[in-house]
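Notes follow the structure.
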Amino acid sequence: MATFKKFEDINAWQKARQATRQIYEITSEGGFARDYGLRDQLRRASVSIMANIAEGFGRHSDKEFSHFLNLAHGSAAETQSHLYVALDLNYIDQEQFSSLYELLNEVSRMTLALAQHLRGSKL
């Protein structure tokens, strides 16, 4: 098991929390706030990143933790995909898109690296 004492100590979870907070902020404004389908889908995908990291940590098994980190990695990609729709519909601007996309890239890299470490793979 990784040497974290609580899931809040995991940097990937902290970054995912930051991304989720930003997503909730941008989806509460303008046309985005009225596009219930995309708004809710984007919010759920970002929350899923945090939740999978926390749930995996709570399983107390490197194998299960690694599995949930892979799920979080997938949710980060899903969130990034939804951001393209938001950009294409002009719900967000290029700067917001790029900032969030890069933050999610960072979360993705962190979850993948931690999952590989837990499986004993070389980074």
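The table below lists the values:
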quantity	calculated
Members of the stretch 1-50 found to be among the charged types (D, E, K, R), within 21 Å of E95 (Cβ to Cβ) and modelled with pLDDT under 95, listed by number	E29
Helices (runs of 4 or more DSSP H) contained in the stretch 4-64 and holding at least 2 residues closer than 12 Å to A76 by Cα	11-26, 36-58
Failed item, numbered, when F68 is tested on (1) among the aromatic types (F, W, Y); (2) under 21 Å from W13 (Cβ atoms); (3) not in a helix (DSSP H, G or I)	(3)
Unmet requirement for H73, which otherwise passes all of (1) modelled with pLDDT under 95; (2) in contact with a Leu (Cβ under 7 Å, 6 or more places away or on another chain)	(1)
Of all residues making up the stretch 91-123, the number that are outside any helix (DSSP H, G or I) and in contact (Cβ under 8 Å) with a residue 40 or more places away in the chain	3
Residue, farthest from L38 (Cα to Cα), within the stretch 60-84, restricted to residues that are within 11 Å of the chain's Cα centre (by Cα) and among the hydroxyl-bearing types (S, T, Y)	S75
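The values are calculated or read from the model by the stated rules, or taken from the named source; none is laboratory data. Note that the coordinates shown come from a computational prediction; the quantities given were computed from them, not determined experimentally. All Cβ positions, even for glycine, are placed from backbone atoms using ideal geometry, and neighbour counts span all protein chains on display.
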